[in-house]
Amino acid sequence: MQPTSLLFVLLLAVFADAVKVFRAGNAKVPVTGTEAKEKDFGALVGGEFQPGQNGGLSTSIDPALLPGKPTKNVYSIDSSQITAGGFGFLADGSDVGGKAGKGHRSIVINKPFTPPALLAALNALPWTKEPDAPKPVKAPAPAAAPPAAPKPAAPAPAKPAAPIAVAPKPVAPKPAAPKPVIPKPVAPKPAPIVKAAPKAATKSKGLHFRVVNSRRSTGSV
């Protein structure tokens, strides 16, 4: 929390636009405990918290920015109702140039309060209890992937099949070539003997030649 002045808080209450702020409490009240705490409003002076000191009651403009991100017992109030109840409203978050967390806003006091009286006054403001947010449903854990199917074992090499004996087709025997017929030698039949007709005794007629032997002479006569 940063040092503030009462004047700054009053000016903020007058000129700043009203905003809705949130705070986490318990089932009954937005500000828990038995009394207001020094860590929020500073040291006591004479038994009382004094205006103008560091700090104030923390709220946020976004319930999602509250510490712990509560989902139930969240209260809301408009900033104009805070100032109307006698408190100051300080925008001190980093989103507006402050040094507190993003969206942080503080409810500060404008007059002295004892710790019990301050707690009662804060809870007396017109807070509205927000509906409890449903708890986020956890996504079901992804189902375990089914075990991978075992790879089929490679089939054993098939044994070579025994050769199937195929009976040869019966081949019709070719007809044997006829044996050559060798004619048996036939003895020639003897020619018929023709008997000469008996010569008739005839007398030759005509010229008659006389053969004279002649010898060639090989010497002189």
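Between Asn123 and Ala43, how high is the FRET efficiency from 1/(1 + (r/R0)^6) when r is the Cβ-Cβ distance and R₀ = 22 Å? Nearest 0.05. Computed FRET efficiency for Asn123 and Ala43: 0.45.
Close amide H partners of Lys20, meaning residues 5 or more places away or on another chain with modelled amide H under 5 Å apart, are Ser79. Each of Ser76, Ser106, Ser94, Ser58 has some number of other Cβ atoms within 10 Å of its Cβ, and from fewest to most they run Ser94, Ser76, Ser58, Ser106. Counting every other Cβ atom within 10 Å of each residue's Cβ, Thr83, Thr114 order from fewest to most as Thr114, Thr83. Beyond 27 Å in Cα-Cα separation lie the following of the pairs Lys99/Lys138; Lys39/Lys138; Lys20/Lys135; Lys37/Lys135: Lys99/Lys138; Lys39/Lys138; Lys37/Lys135.
Taking amide H as placed 1.01 Å from N in the peptide plane, Gly98 has its amide H under 5 Å from the amide H of Gly93, each at least 5 places away in sequence or on another chain. DSSP beta bridges confined to segment 20-129 are antiparallel in about 95 percent of cases. From least to most packed, judged by other beta carbons within 10 angstrom and beginning with the fewest, Asp132, Asp78 follow the order Asp132, Asp78.
Every number here is computed from the coordinates shown, using simple stated rules; none is lab data. Note that the structure is a prediction, hence the values are computed from the model and not measured. Virtual Cβ from ideal backbone geometry, glycine too; neighbours counted across all protein chains shown.
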